[in-house]
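One structure below.
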Amino acid sequence: MSTPQPLATLSPEDLAGFLAERRAAYAALQAKGLSLDLTRGKPSTAQLDLSNGLLHLPTTTTDRSGADVRNYGGLEGLAELREIFAELLWVDPEQVICGGNSSLSLMHQVMTFLMLWGGPGSERPWRDEPTVKFICPVPGYDRHFTMLADFGIEMLSVPMNDDGPDVTAVKALVADDPAVKGMWIVPTYANPSGSVCSEQVAAELMSMPTAAPDFRIMWDNAYAFHHLTEDEAKSADALSLASAAGNPNRPLMFASTSKITFAGSGVSVLAQSSENKAWYLKHLSLASIGPDKVNHLRHVEFFGSPDGVRAHMRKHREIIAPKFAAVNAALTAELAGLDIARWSQPTGGYFVNLDVMDGTASRVVALAKEAGIALTPAGSAFPHNLDPNDRNIRLAPSFPPLAEVETAMAGVATCVALAAAEKLSQ
Ligand code: PLP
């Protein structure tokens, strides 16, 4: 086979030949009758099995203070669990609260409290503002955006770069408009781009002047410990940076063990300033008499220490890193040199970000579907599901077995090439 050249530079005859070949490859793909799914950003069964030890814990009914974990109380969560996550997230245990199984619920709760009552520094509840706007780095996590849409919050997109959100764009949006109340960021191994927010970008976000006195950064560190290589990224120390810049209440840091132990039965973490914490606990105390401390103790016994978490994450890496390698290998084999797609090679997290030729993402997803390969709908990583370039596709290789990832990705690559050839032939 000749060396691939950019598809757009092929002569009309060569392009017609390429298109015919890809149509034949696609017909062969359809004939396989596949039923594969690359939509689910969730741990595989083998990963869940790593934590089966939890099912036999805890071995006792009291925490280290002697409190009976089976009973009410302890709104902040078990101190020993908070210490483990404080060290892992480079924050002070006093800043940490541990909650139920979902950090997304904590985010929703924080947003609800802000809307209903405002937070420290607010002039009024956010619901009483004429408009509330949030900055959304794109591509981003679809549930962040759908949550905002549900609250009636206006979304302002900024590009997500390799070192975090485009700070210049963010600064321009927050400087003069007090309606811009906050932003999302997934700082480490972002969903879906895989980018890691640099210390420099984090420092700028935490220190930039904002027209809103109660500007909040929802620092969703869902993938803080989810390294795919030995080069383990360290998340920027958002709380200290904000505090040093005189904006201690700006960041709210979230994490969970959803992709560490059991996605449905893990523990969540919220780290924040002392003022934010008092505010949050005040409202929480009207909603709950205490978290599931039995599960907290179970996790403490299971991990033992922050190093226990780190060692556990290396076992996850052994299972999922080959799947990410398979995604890269399949895309490279079919698409390298054609100049019709770019994809991330993340060093952590759960996703590969695939950018195909402009105007073809929806077509790729439709072609894949017709061939029995489910992909996340095109545009999902953008507010209101609108990718202005129809270019972005989120791939989630963690859940299917490796052989299925290989088969599915070879098929996806065929669809990407076919959609690009069709587009160029129009
Ligand atoms: N935040 C991000 C960026 C995610 O990708 C996910 C799940 O995919 C979550 C939060 C959900 O977290 P949890 O399971 O703790 O609610």
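Listed values, structure above:
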{"item": "Percent RCO, i.e. relative contact order, over the range 31-179, from Cα pairs under 8 Å lying at least 6 residues apart", "result": "11 percent"}
{"item": "Folded to 0 to 90 degrees: helix 274-284 orientation relative to the chain principal axis, Cα", "result": "90 degrees"}
{"item": "Cubic angstrom per residue, convex hull over Cα atoms of the chain", "result": "143 Å³"}
{"item": "GNM top mover of 252, 78, 116 - the chain, alpha-carbon springs below 10 Å", "result": "116"}
{"item": "Degrees between helix 402-425 axis and first principal axis of the chain (Cα, 0 to 90, nearest 10)", "result": "60 degrees"}
{"item": "Amide H within-cut-off set for residue 157, under 5 Å, with H built and near neighbours excluded", "result": "136"}
{"item": "Alpha-carbon spread of the range 353-426, three principal axes, descending order, Å", "result": "34, 31, 18"}
{"item": "Nearest 10 degrees, 0 to 90: helix 361-370 Cα axis against the chain principal axis", "result": "80 degrees"}
{"item": "Net charge contributed by nearby residues that have their C-beta within less than 13 Å of residue 165 (K/R +1, D/E -1)", "result": "-4"}
{"item": "Per-residue ³J(HN,Hα) for the range 133-138, Karplus 6.51 cos²θ - 1.76 cosθ + 1.60, θ = phi - 60°, Hz, x for Gly and Pro", "result": "10, 10, 8, 10, x, 10"}
{"item": "Residue-by-residue Karplus 3J(HN,Hα) for the range 69-84, coefficients 6.51, -1.76, 1.60, Hz, glycine and proline x", "result": "5, 7, 9, 4, x, x, 3, 6, x, 5, 4, 5, 6, 4, 5, 4"}
{"item": "Only Lys, Arg (+1) and Asp, Glu (-1) charged, at Cβ; the chain dipole about Cα centre in debye", "result": "840 debye"}
{"item": "Electrostatic dipole magnitude of the range 198-301 [Cβ: Lys, Arg +1; Asp, Glu -1; Cα centre; debye, to 20]", "result": "460 debye"}
{"item": "Positive-end residue of 53, 5, 25, charge dipole of the range 1-58 with Cβ unit charges", "result": "53"}
{"item": "DSSP-defined antiparallel bridges as percent of all bridges, the chain, nearest 5", "result": "50 percent"}
{"item": "For the range 269-426, size of Cβ-based charge dipole, Lys and Arg +1, Asp and Glu -1, in debye", "result": "560 debye"}
{"item": "Charge dipole of the chain about the Cα centre (unit charges at C-beta), most positive-ward option of 148, 400, 256", "result": "400"}
{"item": "Total formal charge among the other residues, if their Cβ is under 13 angstrom from that of residue 82, Lys/Arg +1 and Asp/Glu -1", "result": "-4"}
{"item": "Sequence-distant residues sharing a close amide H with residue 36 (under 5 Å, placed H)", "result": "373, 374"}
{"item": "Dipole of the range 1-117, positive end: most advanced residue of 36, 75, 105 [Cβ charges, Cα centre]", "result": "36"}
{"item": "Extension reserve of the residue 31-residue 87 stretch, reckoned as 0.36 nm per residue once the Cα distance is removed", "result": "14.9 nm"}
{"item": "Peptide ranges 267-275, 198-206 listed from the most packed, as the mean C-beta count within 10 angstrom indicates", "result": "267-275, 198-206"}
{"item": "Highest-MSF residue in the chain out of 390, 358, 150 [GNM, Cα springs under 10 Å]", "result": "150"}
{"item": "Calculated Rg and Dmax of the range 258-315 using C-alpha coordinates, Å", "result": "14.0, 40"}
{"item": "Peptides 210-217, 162-169 ordered by average Cβ neighbours within 10 Å, highest first", "result": "210-217, 162-169"}
{"item": "Counted charge near residue 196, where neighbours are those whose Cβ lies closer than 11 Å (Asp, Glu -1; Lys, Arg +1)", "result": "-4"}
{"item": "Estimated [θ] at 222 nm from DSSP helical runs (n ≥ 4, -39500 (n - 2.57)) normalised by residues in the chain, nearest 500", "result": "-13000 deg cm²/dmol"}
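Each reported figure results from applying straightforward, stated rules to the coordinates on display, with no laboratory input. Note that the structure is predicted; figures quoted are calculated from it, not measured. All Cβ positions, glycine included, derive from the backbone under ideal geometry; neighbour counts span all protein chains shown.
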